[in-house]
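K.L.:
What follows is a single structure, and I will ask about it in a moment.
The values are calculated or read from the model by the stated rules, or taken from the named source; none is laboratory data. All values reported here derive from a predicted model rather than from experimental measurement. Quick reminder, even Gly has a Cβ in these numbers, built from the backbone with ideal geometry, and neighbours come from all protein chains shown. Side chains included, ligands, DNA and RNA excluded: accessible areas come from the protein's heavy atoms. Shrake-Rupley method; radii C 1.70, N 1.55, O 1.52, S 1.80 Å.
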Amino acid sequence: MRLSDIKTGQAAYVCHVEGSDALKRHLEELGFVVGQRVVRSYATPAGTPIVYTMMGQRIALRRREAERVEVYTSLAEAVREGIRPSTTVERGAHSFPLLAKQCEGHCAGCTRCHHTKDQTVAGTPPEKLWLPTIALVGNPNCGKTAFFNAATGRHERTGNYAGVTVGSTIGMIGEGRYCLVDLPGTYSLRAYSPEEAYVANRLAQDDVRAIINVIDVTNLERNLLLTLQLKATHLPVIGVLNMYDELEASGTRLDIDALSERLGIPLFPASAVRGWESIKEALHAAEEAAANYKSRLNEQQIRESIVEATRITPYVRSREIRHLLKGIYQRRDSRAAIISAKADKLLAASLPAYLLFILVMGLIFFFTFEIGAWPQAWMESGVEALSEAAGSALPPGWLNDLLTAGIIGGVGSVIVFLPNILILYFFISILEDSGYISRAALLADPLLRRVGLHGKSFFPMLMGFGCNVPAIMATRTIESRKSRLITMMTLPFMSCSARLPVYTVISGAFFPEYAALVMLGLYTTGIAVSFCSAALLSRVMHRSEESHLVMEMPPYRRPVIGSVLRHTWEKGREYLRKMGGVILIASITVWALGYFPVPEGEVTPAERQEQSYLGRIGHTIEPAIAPMGYDWRMGVGILSGIGAKELMVTSLAVLYTTESEAEAIGTDDEEAATRSLGTAMRRSGISWQSALSFLVFALLYFPCTATIAAIRGESGRWKYAIFTAVYTTALAYAMALLTYRIAMAL
């Protein structure tokens, strides 16, 4: 019988796991080992994914992955098939036998216990640090980053979903004598994923003197798998039993001293979120261990010891863990787990879950764009006042124009969207910390998987409506490289807030009675094109690579307001850094192309733009855009948008309007601004069909240079960034031309 066949509430015992090596290892490391008892909790209204409970944790699998797990539904059936009962671990007021399948020989490639052939730790070894280093290691979602923040006083991101830490973060402890490195969350050191390879390589570096292993004590059995592998590195290991307050509240019994003696490592109960005093005790113990550590092995020997440790299968490790916990551990479900089970019946396992999902997303975007419009208007006034003050303080000339138009005007046109960004990430942070974001991914997966995406792609796509750059960075949480790359390359079609000024001005000018409908159509078109592109790319990119959804479902927790505000500010600061980097350079570049060469004699601003390098380039590309009814000025607007989409409006305003109309555009009266630009464009012969086509082009074409740089950074290859730039522009041209032809035929 297959795991996918059992009914809700029914229990089964794992017999055999099939599939690729990577899938088998991942499932085994999460606890799907021979003899493990698994209970089906619920399925989404679509029937997949399905959530299973085991060892106090909840794991979501697609039906396709659940079909790879062979199970027995009763102990008697298992015994008939040659599986005999083994040890017993008490759970609550009851106990039940755990099964042990006898291996037909501990050999490489064994079909039952899944021993593997020789492995090597892959990945590029990270750089060594300048001080003795203490490595912070733990499973995803164990509270490791929260511990790092409490230990170092920094404000790194903590998220209530797996895979939030995907790169190492460094802080100072021990009065600056040691570096504390927060390594990526990993379930194992097997090096089957980039995160596992990175952690294994980092631990082999000779600057690492000790390990702090953060253990989610509410999920002790699975977390100890990594602990046993860390001991094999021959480095001093300090164990931190995080979330110990939840363990005590649930009534679970654990003899810490006995477990510490059996493991051979010191253990400290702690709650990283509340910053208990034991965090300091664990740090002090780690510092002492690092100071007294004398390396007896070189890097190669440590690597070999890690490989040797990972040859022991999760099944064998599971039996060892049960033996370690026998008689000293009696688990009960925590209050958070009980509440989560009840809440999921409404929020993830029923048809109203989709209605609530749509309602939550609608409220987020309402607050982002409607409420955010007020502080955005205040910031626009501030930017204008700053520009006027800077202009009056300097004599007329290129320096004055550079400061007011190139720097303040260019960067200011982007920075005014900071309130929208902050509001959006404030609500996203609440969804993350509460645990709802994982349920949203669960609900979105049935649709996303049909187009080659992953349930976790939903989160970056949601962020993409704010800004594509952090959305690209958020794809790190997707384990499958294929799904990660496809998500990355289709994210630019999600209409970011930077395009909003273009939509507002053009739709308000040409479609005043239907502006809201046009904007809704643009957002919908962007989502549809993103999905269609993903479906196409999934059929041509890495076709042999499988994409699986195996996701840990964290319990619901009350968001910590301090954490939410810190995360919101970190995202805002990241957005501001972007303003001072790529967009500043792009703004100055566009200004220089539009300012030089300096014409002789008196000319209007529009004539000056036409004679500039940017105007000459616009005339050069005019034959290519003429089939859509565009003139060279619209071509200049398109070129300006390569640096930042907001610059499109600025360029169009300068090129199309007279001095009096330009003054209207610079006022606070949005209706007057859109009417003036629209009047100027219509007077120049631009039809509504061309305007609609231009909006489609602005929606789909080349994302900003910061997004291209982010794709290069996250994919590790320029070819993916260049492909995205070329593909989006080519598709935008085809769609804009099609829109123009259809509109002309109406």
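K.L.:
Show me the helices (runs of 4 or more DSSP H) found entirely inside region 656-728 where at least 3 residues are modelled with pLDDT under 85 and surrounded by fewer than 16 Cβ atoms within 10 Å (Cβ to Cβ).
P.N.:
Working: elements: 659-665, 670-683, 688-700, 705-715.
Where helices (runs of 4 or more DSSP H) fall fully within region 656-728 and carry at least 3 residues being modelled with pLDDT under 85 and surrounded by fewer than 16 Cβ atoms within 10 Å (Cβ to Cβ), they are 659-665, 670-683.
K.L.:
Taking S413 as the residue in question, decide whether it is in a helix (DSSP H, G or I), within 30 Å of P597 (Cα to Cα), at pLDDT 80 or above and not β-branched (V, I, T).
P.N.:
Working: in a helix (DSSP H, G or I): yes; within 30 Å of P597 (Cα to Cα): yes; at pLDDT 80 or above: no; not β-branched (V, I, T): yes.
No.
K.L.:
Looking at (1) touching a residue at least 60 places away in the same chain (Cβ under 8 Å); (2) surrounded by 19 or more Cβ atoms within 10 Å (Cβ to Cβ), find the lone condition where V360 falls short.
P.N.:
(2)
K.L.:
Within region 27-41, which residues are open to solvent by 20 Å² or more (accessible area, probe 1.4 Å) and of a type outside the set (S, T, N, Q)? Walk me through it before giving the result.
P.N.:
We begin by selecting, within region 27-41, every residue open to solvent by 20 Å² or more (accessible area, probe 1.4 Å); these are 37, 39-41.
If the condition is that a residue be open to solvent by 20 Å² or more (accessible area, probe 1.4 Å) and of a type outside the set (S, T, N, Q), then R37, V39, R40 are the ones that fit.
K.L.:
Here's another thing I want to ask about it. Which pairs turn up if I take residues in region 378-397 that are hydroxyl-bearing (S, T, Y) and look for partners that are surrounded by fewer than 13 Cβ atoms within 10 Å (Cβ to Cβ) and not in a helix (DSSP H, G or I) with beta carbon separation below 9 Å, at least 6 apart in sequence or on another chain?
P.N.:
Correct list of pairs: S381/D668.
K.L.:
Go through region 729-746 and give me each residue that's surrounded by 19 or more Cβ atoms within 10 Å (Cβ to Cβ) and under 29 Å from the mean Cα position of the chain (by Cα).
P.N.:
The answer is A732, and nothing else.
K.L.:
Could you tell me whether region 562-583 includes any residue that is among the β-branched types (V, I, T) and open to solvent by 60 Å² or more (accessible area, probe 1.4 Å)?
P.N.:
Within region 562-583, the subset among the β-branched types (V, I, T) is 564, 568, 582-583.
Among the residues that remain, those that are also open to solvent by 60 Å² or more (accessible area, probe 1.4 Å) are: none.
No, the conditions are met nowhere in region 562-583.
K.L.:
Please name all residue pairs, on different chains or six or more residues apart, with Cβ atoms under 8 Å, provided the first residue is in region 12-23 and is within 16 Å of R40 (Cβ to Cβ) and touching a residue at least 40 places away in the same chain (Cβ under 8 Å) and the second residue is open to solvent by 40 Å² or more (accessible area, probe 1.4 Å) and of a type in the set (V, I, T).
P.N.:
A12/T73; Y13/T73
K.L.:
How many residues, within region 436-462, are farther than 23 Å from A528 by Cβ and surrounded by fewer than 24 Cβ atoms within 10 Å (Cβ to Cβ)?
P.N.:
Start the filter on region 436-462 by keeping residues that are farther than 23 Å from A528 by Cβ, which leaves 436-439.
This time we only want the ones that are surrounded by fewer than 24 Cβ atoms within 10 Å (Cβ to Cβ), so: 436-437.
Result for region 436-462: 2.
K.L.:
When region 586-631 is examined, which residues are found to be modelled with pLDDT under 80, under 26 Å from A706 (Cβ atoms) and either of a type in the set (S, T, N, Q) or over 38 Å from the mean Cα position of the chain (by Cα) (or both)?
P.N.:
Result: S587, Q609.
K.L.:
Can I ask one more? Test A353 against the criterion of being at pLDDT 90 or above, in contact with a strand residue (DSSP E or B) (Cβ under 8 Å, 6 or more places away or on another chain) and of a type in the set (G, A, S), and give yes or no.
P.N.:
Working: at pLDDT 90 or above: yes; in contact with a strand residue (DSSP E or B) (Cβ under 8 Å, 6 or more places away or on another chain): no; of a type in the set (G, A, S): yes.
Answer is no for this residue.
K.L.:
What about G521, is it in contact with a Ser or Thr (Cβ under 7 Å, 6 or more places away or on another chain), modelled with pLDDT of 90 or more, surrounded by fewer than 23 Cβ atoms within 10 Å (Cβ to Cβ) and under 22 Å from M634 (Cα atoms)?
P.N.:
Details: in contact with a Ser or Thr (Cβ under 7 Å, 6 or more places away or on another chain): no; modelled with pLDDT of 90 or more: yes; surrounded by fewer than 23 Cβ atoms within 10 Å (Cβ to Cβ): yes; under 22 Å from M634 (Cα atoms): yes.
So G521 fails the test.
K.L.:
Okay, moving on. Scan region 270-305 for residues that are open to solvent by less than 40 Å² (accessible area, probe 1.4 Å), modelled with pLDDT of 85 or more and outside any loop (DSSP other than H, G, I, E, B) and report the count.
P.N.:
Selection size over region 270-305: 7.
K.L.:
Pull out all pairs, ordered by first then second residue, where Cβ-Cβ is under 8 Å, the residues are six or more apart or on different chains, the first lies in region 698-719 and is under 19 Å from L652 (Cα atoms), and the second is not aliphatic (A, V, I, L, M) and not in a helix (DSSP H, G or I).
P.N.:
Partner pairs satisfying both residue conditions: A698/G641; A698/K645; L699/S495; Y701/G641; F702/G641; C704/G641; C704/G643; C704/K645.
K.L.:
A further question follows. How many residues does region 1-14 contain that are of a type outside the set (V, I, T), open to solvent by less than 10 Å² (accessible area, probe 1.4 Å) and either modelled with pLDDT under 85 or under 22 Å from L224 (Cα atoms) (or both)?
P.N.:
0
K.L.:
What's the number of the condition E320 fails, among (1) open to solvent by 40 Å² or more (accessible area, probe 1.4 Å); (2) touching a helix residue (DSSP H, G or I) at 6+ places or on another chain (Cβ under 9 Å); (3) closer than 24 Å to N201 by Cα?
P.N.:
(3)
K.L.:
Then there is this: Please find, within region 633-655, the residue that is nearest to the chain's Cα centre (by Cα) out of those that are buried (at least 21 other Cβ atoms within 10 Å of the Cβ) and farther than 22 Å from E380 by Cα.
P.N.:
Applying the filter and picking the extreme gives I638.
K.L.:
If we keep just the residues of region 401-434 that are among the charged types (D, E, K, R) and open to solvent by 10 Å² or more (accessible area, probe 1.4 Å), which is farthest from R608 (Cα to Cα)? Outline the logic, then answer.
P.N.:
In the first step, residues of region 401-434 are kept if they are among the charged types (D, E, K, R); the result is 401, 432-433.
From what's left, open to solvent by 10 Å² or more (accessible area, probe 1.4 Å): 401, 433.
Working: D401: 13, D433: 53 Å.
Applying the filter and picking the extreme gives D433.
One line per residue, one yes/no per condition, for (1) of a type in the set (D, E, K, R); (2) at pLDDT 90 or above; (3) within 24 Å of I312 (Cβ to Cβ):
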residue: D206; (1), (2), (3): yes, no, no
residue: A210; (1), (2), (3): no, yes, yes
residue: E221; (1), (2), (3): yes, no, yes
residue: L224; (1), (2), (3): no, yes, yes
residue: L228; (1), (2), (3): no, yes, yes
residue: T233; (1), (2), (3): no, no, yes
residue: G239; (1), (2), (3): no, yes, yes
residue: S250; (1), (2), (3): no, no, no
residue: L259; (1), (2), (3): no, yes, yes
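K.L.:
Show the residue pairs that are 6+ apart or on different chains and have beta-carbon atoms under 9 Å apart, the first residue being within region 430-453 and within 17 Å of L359 (Cα to Cα), the second being at pLDDT 90 or above and charged (D, E, K, R).
P.N.:
Here the result reads R439/D344, each pair linking region 430-453 to a residue that is at pLDDT 90 or above and charged (D, E, K, R).
K.L.:
Taking G239 as the residue in question, decide whether it is touching a residue at least 24 places away in the same chain (Cβ under 8 Å) and out of contact with any helix residue (DSSP H, G or I) (no Cβ under 9 Å at 6 or more places or on another chain). Outline the logic, then answer.
P.N.:
Values: touching a residue at least 24 places away in the same chain (Cβ under 8 Å): yes; out of contact with any helix residue (DSSP H, G or I) (no Cβ under 9 Å at 6 or more places or on another chain): no.
Criteria not met by G239.
K.L.:
Oh, and also: Output the residues belonging to region 127-145 that are farther than 14 Å from V217 by Cα and either open to solvent by 20 Å² or more (accessible area, probe 1.4 Å) or modelled with pLDDT of 80 or more (or both). Break it down stepwise before answering.
P.N.:
Going residue by residue through region 127-145, those that are farther than 14 Å from V217 by Cα are 127-137, 145.
Once the filter is applied, which keeps residues that are farther than 14 Å from V217 by Cα and either open to solvent by 20 Å² or more (accessible area, probe 1.4 Å) or modelled with pLDDT of 80 or more (or both), region 127-145 yields E127, K128, L129, W130, L131, P132, T133, I134, A135, L136, V137.
K.L.:
Check T504 against each of (1) crowded, with 23+ Cβ neighbours inside 10 Å; (2) of a type in the set (V, I, T); (3) touching a residue at least 60 places away in the same chain (Cβ under 8 Å) and name the one condition it does not meet.
P.N.:
(1) is the only condition that T504 fails.
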